[in-house]
1. Greater than 18 Å separation of Cα atoms is the criterion. Which listed pairs, LYS62/LYS147; LYS190/LYS213; LYS11/LYS62; LYS127/LYS192; LYS11/LYS53; LYS60/LYS214, meet it?
2. Could the peptides 52-60, 145-153 be put in order, highest first, of the mean number of other beta-carbon atoms found within 10 Å of their residues?
3. At most 15 other Cβ atoms within 10 Å plus a DSSP loop assignment makes a site exposed; report the longest stretch of the chain without any exposed GluC sites (Glu not before Pro).
4. Rounded, prolate or oblate: which fits the range 39-179 when a ≥ b ≥ c are the square roots of the eigenvalues of the alpha-carbon gyration tensor, with rounded for a/c under 1.5 and prolate only if a/b beats b/c?
5. Check which residues have an amide H placed less than 5 Å from ILE122's amide H, if you skip close sequence neighbours.
6. Under 8 Å for C-alpha pairs, at least 6 residues apart: give me the relative contact order for the chain, rounded to a whole percent.
7. How large is ³J(HN,Hα), in whole Hz, for each residue of the range 120-134 in order, when computed from phi with the Karplus curve 6.51 cos²θ - 1.76 cosθ + 1.60 and θ = phi - 60°, using x for Gly and Pro?
8. Treating the beta-carbon of each Lys and Arg as +1 and of each Asp and Glu as -1, no other charges, what is the dipole magnitude of the chain about its Cα centre, to the nearest 20 debye?
Amino acid sequence: MAIDGEVKNRKPIDIEDLLKLAPMEERVYRMRCVEGWSMVIPWVGYSLAELIKRVEPTAKAKYVAFTTATQPESMIGLRLPVLEWPYVEGLRMDEAMHPLALLGFGLYGEVLPNQNGAPVRIVVPWKYGFKSIKSIVRITFMETMPKTSWNIAAASEYGFYSNVNPAVDHPRWSQATERRIGEDSFFQPKRKTLMFNGYADQVAGLYTGMDLKKFY
Ligand SMILES: Nc1nc2c(c(=O)[nH]1)N[C@H]1C(S)=C(S)[C@@H](COP(=O)(O)O)O[C@H]1N2
Ligand SMILES: [Mo]
């Protein structure tokens, strides 16, 4: 994985070293997709902050940008012009340093399957699922806000922050409720979506004083 931009230790880190960088933990997180489904998933990994501390961002680094691998032979979705490829995402530095932001290597006690982001992804449980970028090959520390794939595709629908928020609807659908995968049936009422996906006690402080309707 390439490490570049506003950072002291700019040399690449290979996956063997990443796996040894901090002790692995199992963390059970809720995942809420922007399109209204949700799931509870046991991930394996450690806090993204562990890696960030190790590579020593400079004082100029205010954001962290992530880039996905481009392998059209195996990633057949890349053959379709759904988005500009590669998939890119980003976090503000304080979000990336939050202990709940996970650098993920596995799920259900096993190594990540390719489709879920092998060999390494992030999991940001208080944001819509598309922020949890998979198969990361580059982490870039930046002074300015990085571009993000869904924001490039439809800026009025997908903001940089994309925090789970039942009070801020998507322009084309409500975000007030969600369908929990596995509970699905005609008679099963939808669940109420929780502020910051239920992690408000931990993360609301990151957004004190921000208008979350404006910074969606
Ligand atoms: N590189 C990359 N990361 C991605 C996506 C993608 O298309 N490419 N999709 C996102 C979306 S929309 C969601 S909901 C989650 C889904 O994670 P999963 O495939 O492990 O369920 O991954 C996110 N990360
Ligand atoms: Mo999604």
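We did not get these values from a lab; they are worked out from the coordinates using the rules stated. Because the structure is a prediction, the values reported are computed rather than measured. Using ideal geometry, Cβ is built from the backbone for each residue, glycine included, and neighbour counts are taken over all protein chains shown.
1. LYS190/LYS213; LYS11/LYS62; LYS60/LYS214
2. Highest-to-lowest ranking by the protection proxy: 145-153, 52-60.
3. That gives 85-142 as the longest site-free run.
4. Rounded.
5. Long-range HN contacts for ILE122: GLY104, ILE133.
6. Relative contact order for the chain comes out at 23 percent.
7. 8, 9, 10, 9, 10, x, 8, 10, 4, x, 5, 6, 7, 5, 9
8. Computed about the Cα centre, the dipole is about 340 debye.
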